[in-house]
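What follows draws every value from the coordinates through simple rules; no lab data is involved. Not measured: the values here are computed from a predicted model. No Cβ is skipped: glycine too gets one built from the backbone with ideal geometry, and neighbour counts run over all protein chains shown.
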Amino acid sequence: MPVSVLASALVVLIALALFAIALSTLYLNTYAWWDPKTQIRTSYSGLQESEACSFSLIMPCRNEREDVMRATLSALLGQTHSRKEVIISVGHDDPETVQTAHALAREYPDFVRVSVDVSETKNKPRQLNKALSMCRNSVVGVFDAESIAAKELLAHIDSVFATKNADVVQGAVQLINYRDTWYSLRNCLEYFTWFRSRLHAHSRQGFIPLGGNTVFIKRELLDEVRGWDGNCLAEDCDLGVRLSTLGRKIIVAYSPELVTREETPDTLKALVRQRTRWSLGFMQVFAKGDWKNLPTRKMRAIAWWTLMQQHFMAFAGVCIPVAIFAAVWGGFPLVVTLVAFLPLVPTLATIAFDICMLQEFGRDHKFTITWYDYLRLIVGTPLYQLVLAFSALRALIKFIRRDFGWEKTDHSGAHLSYLEPAVTAAVRP
Amino acid sequence: MAVAELEPSVIERKTSGSPQHRGPGPDAPFSLTQLSFWDRVTLCLLTAMAAVLSLWNLTGAPSYQDDEGTYTAQAFAVHSGSLAPYTYWYDHPPLGWIQIAAINWLPTLLGLGDGTAIGATRYVIAAYFVASAVLLYMVARRMKVRVPFAALTTVIFILSPLSLVLGRQIYLDNIGVPWLLLAFYLALSSRDALWHHVCAGICFAVAVLSKETLAIFGPALLIALMYRPRWSNRSFSVVGFLTVGGLILAFYPLSALLRNELFSGQGHVSLQDALTYQFLERSGSGTIFEAGSSRAELLAGWLYFDKYLIAAGLAAAVLCLLRKQSRVLTVAIFSFAIPIIVGQGYLPAMYIIGVIPFLALALGTGVDIAWSWLEKLGGARPDLTRRLRAVFVAVLCSALVLMSVPQWFEQDRDLLTAENNANWRQTLSWVQDNISREDVVLAPYSMWYDLNSSGWNDSWTMIATEKPDLDKQFETAHPDGWQEIDWIIVGPSVSANIDSLGLSRAASALSHSTPVRTFGEWTIRRVEVPVPPRTNER
């Protein structure tokens, strides 16, 4: 008798934990739509008349194709903002990319320079730090090698810095090659919810893991905190955490016209590697413990949850069906079994809202979303969840083994075919 | 904190408007966090009024009904981990009495209800009645009805004898109605907030799981949600409302499925059987146009309690078509009326409970619409404004007096002063004092729980009248059938129930019984088993 009571209590406890995770996911994913006012509040603030900042844009590259780099650079040089420079950041062990970078720099000598990182361990933060030492302008921005910035982005970011007295501005990134693979649709939507909603929810809570792309930081501040952590796989998240802890003003802004467009990893293997890296990065940031310096207990709790939620979420997708299965065939009392089903409510609601978001994604980026895409979205969900869980598990194993090597995502330029030809053509600044 | 979101000047401009007013302006959407002075005062007065009228003489009138006893017994059964003292056969979704079970310990603890369980449970229902009254005011205000007319709506709801008689009894509809009203209140969110609309879905699901007939308001609620000025998150709201509401409703069939009782089968009850019974097999109530049919009688009964509310409410429902916001009331009332007018199936007497707040709301809104006309008329002829207003108020007051004095006053006074349960109470004490706890007793459900818990503590020794015929377990407990019954307690509804439900075992026991003690319409009868003729088979 006591054993069965204990087992029931365990099932209820697990179900409630899963319910809390699923509810938290639902809350974060739909935060932007909670209230029509949230949409206005999270948008850009409109253009100021004069330019207040100058930009140094770092473009970290590794094993990149020339056309991909050229498209990214064109979008940066084509910015309407007048005071900008681009630093292509490469590693010395990657001669082909170094060569391409130099060739591009020669084409635009006034605007583009190349920073070659010579450190032994190769990773993104080290390349960024090397490039940072060459930056001359007041605000440093990071653009991944395969990202296409919107034309007016810098001008808007400038206005946000000026009107909001911000230290950091996080712009939005959107994956767009949603038709390419079974997982790319899910992946695109994930970015959509992340930048449209989740980041704003985190921002509201006062603890924000920054993204690594389309992020703008005052150079002085960046120098003050000694740049990015050269040993951290999620250097972007880590920087956000450190700046949150210092109480710096971080602004997140979203507008569909101003998102930076990117591609999804081109193979499932690459997706798993990317996810593993992110998960591992979050684990590293968690273990580093900078978040423990937050002033209040509540803030620390929020930070704890923010850093852990991703892993929980990855596992929850797998655990919920298992828990239900166990509850149904475990001979538990009816109430216990029903409680085991409870996490399904927020989980299925999240999927239902995903459908609305996919519609909005299509509307914002002028893609025609067909019923087949909606179907793919729903059918792909459990499989995608498995991929996330697998990656999180892989990250956990690597974390335990202290294996922090950089598994970089390759870029094939798939996103370029989704853009209007004008964007990808070379532009004279 | 350092991290902030962008707050464009759009919002600032909006909120900084009309600095000369403190508190919300007259056109501001009704919100509990920003109540105006008059809203506050009115809400307090209405709450007090609803509380007094629902609590006063609560155990004296109306008389206890079998259904009330059923839900009382089922609520107490929840405390011991089951959904009913007998086999739960999916007659209704159980959330209604699960809610009663969650709070019925409180009146018992406070010693309310004359020491009876059914009396104490009525106090739980009183809380729901007060909640309904308050929510009705809130919904009226959200529908932009002016304070006095919103108050009028609620006063009608509280004072109408039809509402008050049914609202003081332990019916599942009374549990569901405040959830339904809350769903409407949230669906009409002043901020168009997604989570309000998701909560509206949850509340509606709770309402339907409390009493399934309230599902008839589903279309009206969906219209209330969608039929408003367009807002950016509408698709999210509708999807959230439908999905979350639907998922919570799904827990009912799910629980049936997990007990292997979703579909009909040999040797067990099932949700399918229950639905077939309630909608198809249960002896119908006839059509409303057939004189003497039970449907016509039921309607006559409702009209007897308050023909004014029903007639004026229906007329006002038509008037509500004239204002965009209130058209949903027309839809609610007429969709509710469809099964009454068109249907021939079984119609329960408490069905009307669900629509009473909407009838009152239609009346209040109708008056509000008329007042708006008057204002418009007065705008054209400012010299007449005062006189028009005076005439309007005079006409409204005299209509109310004409409506209320002859019928309402008398019936409400009865409710607040009559002692209708004296015989019930005496019967209860007599049985408790004089019948052995070993004897098998057949008792009406209105008394069953209070008797059983006074020492029998066995649902097959103290048996509810219907159960020997309707619950298969009787045969296991009493293989010799009705002959094992020692006593039968006959209340006002027993004979009618035996007829309508075809209770042959109870009928046999009754026909072989002789009265021992009578209290008014209640009789305690001893069952005399005829000595079986000697058989010489051995």
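For the reader, a short list of remarks on this structure follows.
- A:ILE157, A:ILE21 arranged by Cβ crowding within 10 Å, fewest neighbours leading: A:ILE21, A:ILE157
- Between A:VAL86 and A:LEU57, A:VAL112, A:ARG113, the built amide H atoms are under 5 Å apart, and every one of these is 5 or more places off in sequence or on another chain.
- Shown is the FRET efficiency for B:SER453 and A:VAL322, computed with R0 = 35 Å from the Cβ-Cβ distance and rounded to the nearest 0.05: 0.25.
- C-alpha long axis of helix B:66-79 to longest principal axis of chain B, angle in °: 90
- Alpha-carbon centroids, the range A:244-320 and the range B:104-147: separation in whole Å: 47
- The ranking of A:HIS81, A:HIS411 by Cβ neighbour count inside 10 Å, starting from the fewest, reads A:HIS81, A:HIS411.
- The long axis of helix B:327-341 is offset from the longest Cα principal axis of chain B by roughly 20 degrees.
- In the elastic network of chain A, a GNM with C-alpha springs shorter than 10 Å, the most mobile of A:ARG394, A:ARG297, A:ARG65 is A:ARG297.
- Counting 0.36 nm for each residue step from B:SER495 to B:GLN325 and taking away their Cα separation leaves a gain of 56.3 nm.
- Length-normalised contact order for chain A - Cα pairs under 8 Å, 6+ apart - percent: 24
- Among the listed pairs A:LYS218/A:LYS249; A:LYS84/A:LYS151; A:LYS151/A:LYS249, those whose Cα-Cα separation exceeds 18 Å are A:LYS151/A:LYS249.
- Likely footprinting exposure, A:SER279, B:SER160, fewest C-beta neighbours within 10 Å first: A:SER279, B:SER160
- Once the Cβ-Cβ distance of A:SER133 and A:TYR374 is raised to the sixth power relative to R0 = 60 Å, the FRET efficiency obtained is 0.80.
- Straight-line reach from B:LYS144: taking Cα to Cα under 17 Å and skipping same-chain neighbours fewer than 8 places apart, the aspartates and glutamates in range are B:ASP27, B:ASP39, B:ASP192, B:ASP368, B:GLU375.
- Once the chain from B:GLU521 to B:ALA296 is taken as fully extended at 0.36 nm per residue, the excess over their C-alpha distance is 78.4 nm.
- Once backbone amide H atoms are built at 1.01 Å from N, A:TYR44 has A:TYR254 as its partners under 5 Å, excluding neighbours fewer than 5 places away on the same chain.
- Here the calculated FRET efficiency for B:ALA337 and B:LEU275, from their Cβ-Cβ distance with R0 = 22 Å, stands at 0.45, rounded to the nearest 0.05.
- Counting Cβ atoms of other protein chains within 10 Å of each Cβ in A:40-46 and taking the mean gives 5.
- Annotation: the antiparallel percentage among DSSP beta bridges lying fully within chain A is about 25.
- Degrees between helix A:2-30 axis and first principal axis of chain A (Cα, 0 to 90, nearest 10): 30
- The protein assembly as shown: antiparallel DSSP beta bridges as a percent of all, rounded to 5: 40
- J(HN,Hα) series, the range A:242-248, from Karplus relation 6.51 cos²θ - 1.76 cosθ + 1.60, nearest Hz, glycine and proline x: 5, 6, 4, 5, 6, x, 7
- Cα shape, the range B:130-203, gyration tensor, a/c 1.5 rule: oblate
- Remark: relative contact order (the range B:422-527) = 30 percent; criterion is Cα-Cα distance under 8 angstrom and separation of 6 or more residues.
- For the range B:390-538, the alpha carbon convex hull comes to 167 Å³ per residue, rounded to a whole number.
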